[in-house]
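Trainee: Before I ask anything, here is the structure I am working with.
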Amino acid sequence: MSAAGEPTSGYDEAMGSARIAYRPLSYTDLPQVLSIERRSFSAPWSLGMFLIELSKPSSFAIAAVDGRRLLGYLICSRYDRDWHLMNIAVDPSARRRGIGSGLLEAMLQRGGREARYTLEVRTSNRAAIALYERFGFRSAGVRPRYYADNGEDAIVMWREQPLSSAPSPAGR
Ligand SMILES: CC(C)(COP(=O)(O)OP(=O)(O)OC[C@H]1O[C@@H](n2cnc3c(N)ncnc32)[C@H](O)[C@@H]1OP(=O)(O)O)[C@@H](O)C(=O)NCCC(=O)NCCS
């Protein structure tokens, strides 16, 4: 996504020549969002939760589209100085084609590569954890019984840029 929020192109699908575009998610995308959401999560967000997130000036949301078809989305909110990845999902029929990666790449472009990002993920969600680790997120602890639907723990992950200019403590 460009700084102006215009769609960017271009992420080649592994399986073909179709081009996926990444653009701001809008209210008119919400019917397709809810369809993906309900097929992706055991405790899906309601329409009201999406409406609240989209209305926040401190949030941004990104859509991955193939023409008019929504293939995935991501929602990120700013708390104090840090970005919180609130939601990401890809249509089950379009997974493992790089769309989740494209959404995270668009998030870093929009929120800034130097910024700090955090998220919670179910301990059982190996797919998402593997994706986040690829993008530099690291586990920082566990929130016990964070998920109300089944009492599952959440892993808290952070992506922080190393302080490249800071001197490394010698001998430690
Ligand atoms: C997590 C999710 C967004 C990933 O989307 P995606 O488009 O399939 O991700 P990508 O194709 O970009 O995958 C990038 C890498 O992530 C890892 N990954 C993704 N899915 C994986 C899986 N099912 N098992 C293991 N690793 C996986 C792999 O390292 C993969 O690279 P590879 O395909 O070259 O092996 C998708 O699985 C999803 O929507 N899940 C349901 C919703 C969800 O759990 N959201 C996260 C909530 S915290």
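Trainee: Condition check: under 19 Å from Ile155 (Cα atoms) and in contact with an Asp or Glu (Cβ under 6 Å, 6 or more places away or on another chain). Does Ile88 satisfy that?
Mentor: no
Trainee: Also, quick follow-up: Just wondering, is there one or more residues in region 56-72 that are of a type in the set (Phe, Trp, Tyr) and not in a strand (DSSP E or B)?
Mentor: No: region 56-72 contains no residue that is of a type in the set (Phe, Trp, Tyr) and not in a strand (DSSP E or B).
Trainee: Can you find, within region 86-96, the residue that is farthest from Gln32 (Cα to Cα) among those that are out of contact with any strand residue (DSSP E or B) (no Cβ under 8 Å at 6 or more places or on another chain) and near the ligand (Cβ under 6 Å from one of its atoms)?
Mentor: Ranking the candidates gives Arg96 first.
Trainee: For region 149-170, enumerate the residues that are farther than 13 Å from Arg116 by Cβ and either touching a Ser or Thr at 6+ places or on another chain (Cβ under 9 Å) or modelled with pLDDT of 95 or more (or both).
Mentor: Of everything in region 149-170, those that are farther than 13 Å from Arg116 by Cβ and either touching a Ser or Thr at 6+ places or on another chain (Cβ under 9 Å) or modelled with pLDDT of 95 or more (or both) turn out to be Asp149, Asn150, Gly151, Glu152, Asp153, Ala154, Ile155.
Trainee: Same structure again: On the given criteria, is Asp153 in contact with a Pro (Cβ under 7 Å, 6 or more places away or on another chain) and not assigned by TED's automatic domain parsing to the domain that holds Ala21?
Mentor: yes
Trainee: Does Arg97 satisfy the criteria of being in contact (Cβ under 8 Å) with a residue 60 or more places away in the chain and of a type in the set (D, E, K, R)?
Mentor: yes
Trainee: State which residue is surrounded by the fewest Cβ atoms within 10 Å (Cβ to Cβ) when the search covers only region 28-64 and only residues that are of a type in the set (S, T, N, Q) and over 16 Å from the mean Cα position of the chain (by Cα).
Mentor: Only one residue tops the list, namely Thr28.
Trainee: Let me confirm something: among Ala115, Ala106, Ala130, which residue is within 18 Å of Ile75 (Cα to Cα), of a type in the set (Gly, Ala, Ser), modelled with pLDDT of 95 or more and part of a helix (DSSP H, G or I)?
Mentor: Just one listed residue meets the conditions, Ala106.
The values are calculated or read from the model by the stated rules, or taken from the named source; none is laboratory data. Quick caveat: nothing in here was measured; it's all calculated off a predicted structure. FYI the Cβ positions are ideal-geometry reconstructions off the backbone, even for glycines, and counts take in every protein chain you see.
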